[in-house]
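Enquirer: Got a structure for you, written out below as structure tokens; questions coming shortly.
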Amino acid sequence: DVAAVDAAFARSLRWILETDIGADGAALGATFAVARNGIDVDLCENGSDVPVVEANKREYVLAVANWRARDATALETDALLHGCAELDLVPELLSDFDRREG
């Protein structure tokens, strides 16, 4: 559930779904790409050239939510696992913690 992880992000996705962004997407002004560390990441083939419009906004919301849930955290997860290896910690021990514990 996106709202449980990032309430502000969930609100922005809900706004997109509930708002008429127009046939040209001018109200949103977005494409099927997201910025990650200064680099555009396409959410679909040629995503940075595909505008988000009223007709495809549901697909965009699903794509960006899936990207956020999987790919956006990949660097952080890799760094965490690398740190565990450096400290000779077994990553499976982390399964006892949930996202609210820091």
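Enquirer: Of all residues in the stretch 19-32, which are crowded, with 17+ Cβ neighbours inside 10 Å and of a type outside the set (V, I, T)?
Expert: G25, L28, A30, F32 - these are the residues of the stretch 19-32 that are crowded, with 17+ Cβ neighbours inside 10 Å and of a type outside the set (V, I, T).
Enquirer: Identify, from the list D20, D40, the residue that is touching a helix residue (DSSP H, G or I) at 6+ places or on another chain (Cβ under 9 Å) and in a loop (DSSP other than H, G, I, E, B).
Expert: Exactly one of D20, D40 is touching a helix residue (DSSP H, G or I) at 6+ places or on another chain (Cβ under 9 Å) and in a loop (DSSP other than H, G, I, E, B), namely D20.
Enquirer: What number of residues within the stretch 49-79 are farther than 18 Å from S12 by Cα and either surrounded by 14 or more Cβ atoms within 10 Å (Cβ to Cβ) or in contact (Cβ under 8 Å) with a residue 40 or more places away in the chain (or both)?
Expert: Total meeting the criteria: 1.
Enquirer: Now a separate question. Looking at (1) in contact (Cβ under 8 Å) with a residue 24 or more places away in the chain; (2) open to solvent by less than 50 Å² (accessible area, probe 1.4 Å); (3) within 12 Å of the chain's Cα centre (by Cα), can you tell me which one I16 breaks?
Expert: (3)
Enquirer: Which condition breaks for A35 when tested against (1) in a helix (DSSP H, G or I); (2) open to solvent by 50 Å² or more (accessible area, probe 1.4 Å)?
Expert: Answer for A35: the failing condition is (1).
The values are calculated or read from the model by the stated rules, or taken from the named source; none is laboratory data. Small disclaimer: the values here were computed from a predicted structure and weren't measured. So basically every Cβ, Gly included, is an ideal-geometry build from the backbone, and we count neighbours across all protein chains shown. Calculation scope for accessible area: heavy atoms of the full protein, side chains included, ligands and nucleic acids excluded. Shrake-Rupley method; radii C 1.70, N 1.55, O 1.52, S 1.80 Å.
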